[in-house]
Every structure is written in structure tokens, then in C-alpha cells.
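As C-alpha cells, the structure follows; a few thoughts come after it.
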Amino acid sequence: MILYAAQRLVLSVVIIMVAVSILSLMLHVVPGDPAVMILGPRATPELIEQTRQAMGLDRPLPVQIVTFFGNILRGDLGQDVFTGRSVAQIVFEQLPYTLILISVAIAWAAALGIVLGSYSALRRNTWLDTLTGVLSVGTISIPAFVMALYSVLIFAVWLNWLPAIGAGQGVWGGAKHLILPAFAIGVAWVGYVARIVRASMLEVVNYPHVRMARAFGLPEGRIIRSHVLRIAVLPAVTLIGTGVAHLFSAAVFVEVIFARPGIGALIVQAVNERNYPIVLGAVLVTTGIIVLATLISDLIVAWLDPRQREEL
């Protein structure tokens, strides 16, 4: 298990380095000079060149990437070119809003999806199975931003049940402002989790150890909980771990639509302003969280199913 974890950790570090390097290349392809956008069109060429030198944009791109990674090792993500504040401080001020949003969305979606998938598998070819299948496919096919727009229109504008703008103040205010965004992000994942748990359970119920448990007369409920569901949820754990990147991309649209603070809205603003340090710092932190989530899901699956460790 330790060797498996070490191999996954090394792979995670390599993925982060490659992702940040590719992002640096993509940012330089985007038209426009960041120095001109900061200083305005009336700035003198001398001042523009000084700003470029201060931002390190006058150096070759490979040198900029190496310098950025060197600063990361010292815990320095750079400074915001507009305010002069630490990029790390700005990013970690916005990050909790996004993490809470994603955590709540995937928590309720996974819980409901596992329940629906389990009952659908246990009652195969019944009306409940058919209804679950229709709802699953229907929710999967709706993008998060479309669900967010209709959620605002129905629950905030027409019914006036829930607030739609901002993050709220206090525990109760924050919870009320979190309902619609978390619903918009998580509703598609109910379908994903339900379908994969159903398919996995239909396979696991025919495993030899399950048939043996029935032969020994164990209660059906205990067999499902202890011998079937524990293995059937493994694909769902992997799906959620690898789907964190999708959750972050959905959070970008949802945070903009609901005017919520968060790292997604921060990245959109920084890209529009060509604020390189903020973009690189935010994407680095986001990539690290995505890779960490994938690593944790792999370790959980390997812990629950030793066969995964033996494949390496």
C-alpha cells in the first residue's frame, strides 16, 4: 500500500508540473499585452517596457516557467499586478467558497445517487428502475449552467423561495445562498452515480462470495450492505475523484451566474484582465486539489479492493 501511494504521489506531482507548463504556453497565445492592459493605451513605451520587466515577461518563456516553479518551492505564488497583494492570499481567500460549494454539491448528489442506484438494481425492470433510468439520463444531459439559469428563473424569480445573488452572511444566510448553486452543480451527478452504482451492483450480486453468503443463510440486508454495496460503490468513488475537475469547471459558470465569490469567478476575472500571476496561482492551486482528490479516490479504492494494488 505504501509503494502504491508513493507511485501515485510521484505521478501527481508530474501531472501538476505539466498542467502549469501547458497553461503558461496557452496564456502567451492569448492576444493582448498584459502591460498595456494594466497601464492603459496612453502609457509610454518606456513605462510599458518597465512593467514587462517587472512582471518578467521580457524573459524567454522557458525561463519564466522555471522561475515560476522555483518560486513555488519557496511558497511564493507572486503578486497581483493591480493591487500588489500576494497571489496566495487572494487565491486562498476565494478558495473556501468554491470548496464548500463543490463539497455540498457532490455530497448530496452522491448520497442520493447511491440510494437510487441501489434500489434500481435491487428492483430491476420495475417501474422504479425505469423511472430512475429516465431521470438519470435526463439530468446527465443538462449542463450545469443551463440548470443554474433555470434554477434562478424558477426558484428565485417566479417562486421567490431562495436568493440567487451572492454568498450570504452568517450560517443561515450562507446556507440559503448555497442551495441553488449546489443543486445546479450536483443534479447531473445524481444520474452519473445512480447509473454506475446500478450497473456495478448487478454485477456484484452474482459474485461467488455473495452466493455463498446467501447459501449460509445470512440476512439479505446484511449481504447487500456488507458484501455487495461495499464493492459496488468503488466505481462511484473513482468517478467522483476523477470528476472533481468537471466540478471545478461547472463551478466557474455557476459562480458567475449566481455572482458568488470563488476561485472560478476569480480565474474568469483574471483571464479577462490578463493578470498572469493570479491565473497561474489559481490554476496551480486548483490543479493541486484536483490531483489530490484523484489520489485520495485511488487510495480509497485500493484500500477497499486489494486487487487494485496488485495491478502495479
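Per-residue ellipticity at 222 nm for the chain, helices alone: DSSP H runs ≥ 4 residues times -39500 (n - 2.57), over residue total, nearest 500 deg cm²/dmol?
When only DSSP H runs of four or more count, the value is -24500 deg cm²/dmol.
Work out how much length residue 7 to residue 203 would gain on full extension: take 0.36 nm times their residue separation and subtract the Cα-Cα distance, in nm to one decimal.
Residue separation times 0.36 nm, minus the Cα-Cα distance, leaves 67.6 nm.
At R0 = 45 Å, how high is the FRET efficiency between residue 86 and residue 212 if r is their beta carbon distance? Nearest 0.05 is fine.
Step by step, r from the Cβ atoms, then E = 0.15.
List, in order, the whole-Hz ³J(HN,Hα) value for each residue of region 157-170 obtained from phi through the Karplus relation with A = 6.51, B = -1.76, C = 1.60 and θ = phi - 60°; use x for Gly and Pro.
The phi angles translate into 8, 6, 8, 6, 8, 10, x, 10, 10, x, 10, x, 10, x Hz.
If I model a spin label at residue 159 and residue 14 as a point 7 Å from the Cα along the Cα→Cβ vector, what separation in nanometres do I get?
With each label placed 7 Å out from Cα toward Cβ, I get 4.9 nm.
List, largest first, the extents of the alpha carbons of region 73-178 along their principal axes, each in whole Å.
Sorted largest first, the three principal extents are 62, 41, 26 Å.
Over its Cα atoms, what ratio of radius of gyration to 2.2 N^0.38 Å does region 153-215 give?
1.91
Along the charge dipole of the chain, Cβ charges K/R +1 and D/E -1, which of 293, 22, 137 sits furthest on the positive end?
Positive-most Cα among the choices belongs to 137.
Per residue, what accessible area does the chain have, given a 1.4 Å probe and all protein chains present, in Å²?
Ligands and nucleic acids excluded, the figure is 54 Å² per residue.
Restricting the calculation to Cα positions, tell me the Rg (one decimal) and the Dmax (whole number) of region 183-311 in Å.
Here Rg and the maximum Cα pair distance are 19.9, 67 Å.
Net charge around residue 121, counting only other residues with Cβ within less than 11 Å of its Cβ (Lys, Arg = +1; Asp, Glu = -1)?
Residues near residue 121 contribute +2 overall.
Expressed in nm to one decimal, what extension gain is obtained for the pair residue 53 and residue 145 from 0.36 nm per residue of sequence separation less their Cα-Cα distance?
29.2 nm
Given the chain, report the % of alpha carbon pairs whose separation exceeds 26 Å.
Within the chain, distances greater than 26 Å cover 58 percent of Cα pairs.
Given a Förster distance of 30 angstrom, what is the FRET efficiency for residue 100 paired with residue 25, based on the Cβ-Cβ distance and rounded to 0.05?
0.40
The values are calculated or read from the model by the stated rules, or taken from the named source; none is laboratory data. Just so it is clear, the structure is predicted and the values come from calculations on it, not from any experiment. Neighbour counts run over all protein chains shown; Cβ positions are idealised from the backbone, glycine included. All accessible areas refer to the heavy atoms of the entire protein, side chains included, with ligands and DNA or RNA removed. Shrake-Rupley method; radii C 1.70, N 1.55, O 1.52, S 1.80 Å.
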